[in-house]
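Report on one structure; see the data block that follows.
No value in this document is a laboratory result; all are computed from the given coordinates. Just so it is clear, the model here is predicted, and its values are computed rather than measured. Here the Cβ positions follow ideal geometry from the backbone for every residue, glycine too, while neighbour counts run over all protein chains shown.
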Amino acid sequence: MSIIKLLNKKLERTIFTTPSHNQKAFFSQNYESFYKNDFSEIEGFDNLSCPKSSILMAQGKVSDILDTKHTFFITQGSTTAILAAMKALISPGDKVLVARNCHKSVFNGLILTAGYVDWFMPEVDKEWGIYTKIDIKKLNSTLELNDYKAFIMTSPTYEGVNSDIKKISEICKRNDTYLIVDEAHGSLYNFSDELPDSAINQGADVSINSLHKTAGALNQTAILNINKNIRNIDTNLFQKAINIFQTTSPSYPLLANIEACITYLNSKNGKDEIKNLILEIEKTKKELKRFGVEFYEDENHDPTKLFLKKEGISGYDLSDSMYDEFKIEDELNNSIGCLYLCGIGTTKQKLEKLKNALKKVRTNPSFEPITAEFQPFPLVKIQPVDTFNRNFIFINKEDSLLKISNKMLLPYPPGIGILYPGEAIQKWHLDYLNNNVEVII
């Protein structure tokens, strides 16, 4: 029996267990349907830590759809999936190569696994102020010259840039290096030929999808995918790792939401919805290009990520104007442009509103385009695991050059660190620091 059917089945019993709300939204009727299906792991229900019935069947169904060795349901977001994947594959002292545009959860994973990090800098696009693809030749030489247990990278990026996972996977396999791909923003890739191919299909050992980002599921829903051809690893180790980080009180509404989301996306209606979404996006872009709006695009770009700039205005000012004048909020922005995320719930009307606002937003004819600056190569002085609980002192910013930072410095979103604990503070960082700086002693 599926999770959805299990929750819809009438319970002929009286339960004195958690949760205490007795499946009723006693403080607000707005949450009635959610409460109705919110159970603990009572008799007849499955256990997410050791699934044997409905959850196991649902995960198996999704695994068949995605063609994986195993797909795990995660109710605490991609962060938990990333931590679990790292814990399963990385042992204390293992060297790990990490693309610098990874989410901060990877740094936290390095603390928890005691892995030793080397950073890999992706290519950059200064015209747009974003990280782009992984340079294949540079990665190949780096892996050939060093012994890494895993390479961890993000694809697609927040702005929809996809690296060549197939070639990267081949390089990693030649060098006996596991490939973990944070594919949080690529949850629709398995369900449309008009979108890039999924990381698992291209050979990644592990991929992580955030179903709430573009696939229409609720916040915190994610999946952890294991490739059928993963080498020398028991999939049970991933379950063991997940159990370390995931709550022992999982949300059945979220579990059912994961199952329902994937089932819908894999249906004819779901695939037609994605096709129509892409069609409407292309129509919107085509018209806006006639009004001085430029979109980031490349040969393997995700069209659901509208990263755009408009002639005569900075990205920061565009973001402010769109919100103040039209009440349209972007996902993130930089000095050059704004990112408007689209997904399975993005309607034609919503795109029309965006299009009309972008046409009307005021610009300055004398505005001069800005060239973005990027962080320098990080100087790692202390490995992540050795920074935790270290003694530190506060010093003035003007005295902090080349001192070792004790704090993360990162804009959120996208949650990509520009300075992590254990790294030397370089001149470029000074503009981003507060007057009082924590440094390790």
Hull volume in cubic angstrom per residue (convex hull over the Cα atoms of the range 298-365) = 96 Å³
With 0.36 nm assigned to each residue of separation and the Cα-Cα distance removed, residue 244 to residue 31 gains 73.7 nm
Mind listing the long-range amide H neighbours of residue 179? Cut-off is under 5 Å, sequence gap 5 or more, other chains count too, H placed in the peptide plane at 1.01 Å from N.
-> 151, 205, 206
Counting each DSSP H run of 4 or more residues in the chain as -39500 (n - 2.57), what helix-only mean residue ellipticity at 222 nm follows after dividing by all residues, to the nearest 500 deg cm²/dmol?
-> -10000 deg cm²/dmol
What is the Cα centroid distance between the range 210-252 and the range 86-137, reported in whole angstrom?
-> 20 Å
Once phi is turned into θ = phi - 60°, what whole-Hz ³J(HN,Hα) does the Karplus curve with 6.51, -1.76 and 1.60 give for every residue of the range 381-388, x standing for Gly and Pro?
-> 9, 9, 5, x, 4, 8, 8, 6
Considering only 53, 198, 163, give the residue with the highest GNM mean-square fluctuation for the chain, with springs between Cα atoms whenever their separation is below 10 Å.
-> 53
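Provide 119, 428 in ascending order of the number of other Cβ atoms located within 10 Å of each residue's Cβ, fewest first.
If I rank by nearby Cβ atoms, fewest first, I get 428, 119.
What are the equivalent ellipsoid semi-axes of the range 296-441, built from the alpha-carbon gyration tensor (square roots of five times its eigenvalues), in whole angstrom, biggest first?
Working from the Cα gyration tensor, I get semi-axes of 38, 18, 14 Å.
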Got a sec? Which residues in the range 303-335 would a label at residue 279 touch, if it sits 7 Å along Cα→Cβ and we count backbone N under 18 Å?
-> 303-304
Return the whole-Å distance between the Cα centroid of the range 32-51 and the Cα centroid of the range 334-350.
-> 35 Å
Given H placed on each backbone N at 1.01 Å, which residues far from residue 70 in sequence or on other chains put an amide H within less than 5 Å of it?
-> 226
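Just need the relative contact order of the range 181-248 here, percent rounded to a whole number, with Cα pairs under 8 Å and 6+ apart. Numbers along the way, then the final one.
Details: 84 pairs, mean separation 18.1, N = 68.
27 percent.
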The range 140-148 - phi-based ³J(HN,Hα) in whole Hz, Karplus 6.51/-1.76/1.60, Gly and Pro as x | 4, 5, 5, 6, 5, 8, 9, 10, 10
Going down the list 87/167; 126/359; 5/61; 126/289; 24/61; 213/285, which pairs span over 19 Å between their C-alpha atoms?
-> 87/167; 126/359; 126/289; 24/61; 213/285
Taking every C-alpha to C-alpha distance in the range 384-440 and binning by 10 Å from 0, the per-bin percentages run 25, 56, 19
Run the quick spin-label model on residue 372 and residue 144: label points 7 Å from Cα toward the beta carbon, then report their separation in nm to one decimal.
-> 3.1 nm
Computed D for the chain, Stokes-Einstein, Kirkwood radius over alpha-carbon pairs, 25 °C, 0.890 mPa s, to the nearest µm² per second, is 104 µm²/s
From the cross-link list 149/407; 283/355; 327/355, which pairs have alpha carbons spaced over 20 Å apart?
-> 149/407
GNM, the chain, Cα, under 10 Å: largest mean-square fluctuation among 206, 124, 98?
-> 124
